[in-house]
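Below is one structure, written out as structure tokens, with a few remarks after it.
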Amino acid sequence: MTCTCFIIPDDVLKRFAADPDLSAELRQSFHHSVEISQKTRAVRDQNAALTLSTISLPFPIPPIPIPRPHRLPAGQVFDCHTGTTLPGTPVANPGTSADATIKRAYVEEESVAKFYWNVFKRDSIDGHHMTLISSVHYGVKYNNAFWNGTQMTYGDGDGQVFVDFTLGDDVIGHELTHGVTQHSLALNYSGEAGGLNESMSDVFGSMFRQWEKSQTVLTADWLIGADIMGPMSKQKGYTCLRNMANPKDTHALAPQPDHYYPGIGNLDPHYSSGVPNLAFTRAAKKIGGHSWEKAGHVWYKALTGFGPSPNMTMSQFAARTRSLATSMYPNDASIHTAVDSAWTSVGL
Ligand SMILES: [Zn+2]
């Protein structure tokens, strides 16, 4: 069972590691980032396997009683001081830290917890009040951010191709949503399930960004990673990592297919996710208003309402959302129509 949860796919890192426009030092930092992602994979796999073995037990884990009014889960921030030992040194009072990265990591992890509670009544990413842990200043000019199965980690970026990874609220929402997926549908990180896993993180990461900014489906940019693009990426014409509303966008660092085909599961999940991303975007746009209010609730129920399904296919997920759109909104057929037509338009 795997949960590979880096925001930047390996092939993008390797592309920059070989880019002659970059200085030798910058290229080296990309080589280093690839190396770290490979070594971290083993740790992640262990954590995800442990979670699945627990949530697959034949008896339910009793909910932890929470005193009312609801308290948000605790948030902690650790400083790696450019080292790579996790979690690093604990930071006292990160919410008032003079270090902008530390403060931002804390404020945003709290905000994600608020988003999941206020919108979906989910108590932290595991649904059981789990403390949210973020480590910042990981590695030297480390060009990535990742969920390792138990916590978040952010690199500072090299300042040229990528900037501080805590600057992307959608990046933070994306990574923490890998935790939600790990504790609900428990999707594998390969095959079509891998593409769905990545898509859940983009969908809820983008929704979180829209919720924080009070954007409607029309004012949202539907971009992933727009705020972590460094000056050199912008100069090369890149605006984001991925564009959910237009997966093939060549201004994205990692353009994706926008239509389903048998065999799409052979792609890296960061690419196959484009198809379910586009389906969600189209459904939400057709419904209108705020993405998290209706389309978001259908997707959330599909993700969290039925227990683990590690090998789920894209068509199985599509069928589940179609069915939920009807059962959750029995008096508004337009919701089902929007969801149904969105999936049909991407070939599912
Ligand atoms: Zn991811």
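The values are calculated or read from the model by the stated rules, or taken from the named source; none is laboratory data. This structure is a prediction, so every number in the text was calculated from the model and none was measured. Methodologically, a virtual Cβ is constructed for each residue, glycine included, from the backbone with ideal geometry; neighbour enumeration extends over all protein chains shown. These area figures cover heavy atoms from the full protein model, side chains too; ligands, DNA and RNA do not enter into them. Shrake-Rupley method; radii C 1.70, N 1.55, O 1.52, S 1.80 Å.
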(request) Give the residues of region 320-336 that are among the small types (Gly, Ala, Ser), under 21 Å from Ser184 (Cβ atoms) and either touching a Lys or Arg at 6+ places or on another chain (Cβ under 8 Å) or open to solvent by 50 Å² or more (accessible area, probe 1.4 Å) (or both), sorted by residue number. (result) Ser323, Ser327
(message) Checking Glu212 against (1) of a type outside the set (Gly, Ala, Ser); (2) within 15 Å of the ligand (Cβ to nearest atom); (3) within 24 Å of Ser135 (Cβ to Cβ): exactly one of these is not met. Which one?
(response) (2)
(request) Check whether at least one residue in region 227-242 is at positive phi and among the hydroxyl-bearing types (Ser, Thr, Tyr), and report yes or no. (result) no
(request) Please note which strands (runs of 3 or more DSSP E) are completely contained in region 111-167 and include at least 2 residues that are among the hydrophobic types (A, V, I, L, M, F, W, C). (result) 132-136, 145-147
(request) Looking only at region 311-348, count how many residues are among the small types (Gly, Ala, Ser) and within 18 Å of Leu196 (Cβ to Cβ). (result) 8
(message) Only one of Val217, Val203 is outside any helix (DSSP H, G or I) and either open to solvent by 10 Å² or more (accessible area, probe 1.4 Å) or aliphatic (A, V, I, L, M) (or both). Can you tell me which?
(response) Val217
(request) Would you point out the residue of region 220-247, among those that are more than 20 Å from Asn144 (Cβ to Cβ) and over 19 Å from the mean Cα position of the chain (by Cα), that is surrounded by the fewest Cβ atoms within 10 Å (Cβ to Cβ)? (result) Gly237
(message) All but one of (1) touching a helix residue (DSSP H, G or I) at 6+ places or on another chain (Cβ under 8 Å); (2) open to solvent by less than 40 Å² (accessible area, probe 1.4 Å) hold for His259; state the number of the condition that does not hold.
(response) (2)
